[in-house]
Structures are given as C-alpha cells and as structure tokens.
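Inspection log for the structure reproduced underneath, given as structure tokens.
The values are calculated or read from the model by the stated rules, or taken from the named source; none is laboratory data. Predicted model only: the values in this text are computed from it and were never measured. With ideal geometry, Cβ positions are generated from the backbone for all residues, glycine too; neighbour counts draw on all protein chains shown. For accessibility, only protein heavy atoms count, side chains too; no ligands or nucleic acids. Shrake-Rupley method; radii C 1.70, N 1.55, O 1.52, S 1.80 Å.
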Amino acid sequence: MRGVPTELFILLLFGIALLFNWAMQRAARRQRARAVRHAPLPDQPAPQESPESPWPMRPDADLPPPAMPVASPYRATAPIAAPSRRRFARQTLFGDRRRLQDAFVAATILGRCRADEPHEIG
C-alpha cells in the first residue's frame, strides 16, 4: 500500500459501500415485485345469481339493518372565515416605548453591516 494514497483508499471504500447499498436496495425491490407477482389471489365467493334476474341479489331482498350508523366521510362544519389582511401596527413590533428605545440604542451600537465593505489592513 506504499504507492496508493490514503485518501484514494478511503474514497474507494466509500464507493464500495455506496455500491453495496444500491445493490441491496435493488435486490429488495426485485424480491418485493416478485412476491407481488406470485402472490395468490384472495378467494372471492361467487355471487348467487338466480336464473330469472341478471342481478346478483334480488332488489327486494330483506337486508339486516347496519350495525353502526353510517357517517359521511365529509365533515359538516361551518366554513372558516379567511383572516383579514391588516397591516401590522407599530406598537406590536416593539411593545412599549422603553423597548423601542432599547432597539434604537442597539442599532446605533451595532451600526450598519460591514460584510460588503472591503477589508482594510492597518
């Protein structure tokens, strides 16, 4: 290993780990697809048809009442009013006069942003 740099060796190990992970995920996907393709279909009972009617059940058949009341999948709620678009009040920004004064003092001490200015040596 004298001729191979350490960084190249680490990069090679990282690439092998990625390749192994990709191969395992692909094999798992193929196995799931194969299981879905070869899964047995659930047994479905054949509908009972009478020779005089093309329908599976007679329309006048006596059906038992449902065990639980059937609810609608949609909620019956009152419509929600859209929030009013008001401009913010200056009082809500800083609260009271003392906090506004503190904000001005902090802005004065900090000054403007100097990130865009060139670096001065000296």
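What the table shows:
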item: When residues of segment 24-39 are limited to those that are open to solvent by 100 Å² or more (accessible area, probe 1.4 Å) and of a type in the set (A, V, I, L, M), the one modelled with the lowest pLDDT; result: Val36
item: Count - residues of segment 86-113 that are at pLDDT below 80 and surrounded by 10 or more Cβ atoms within 10 Å (Cβ to Cβ); result: 4
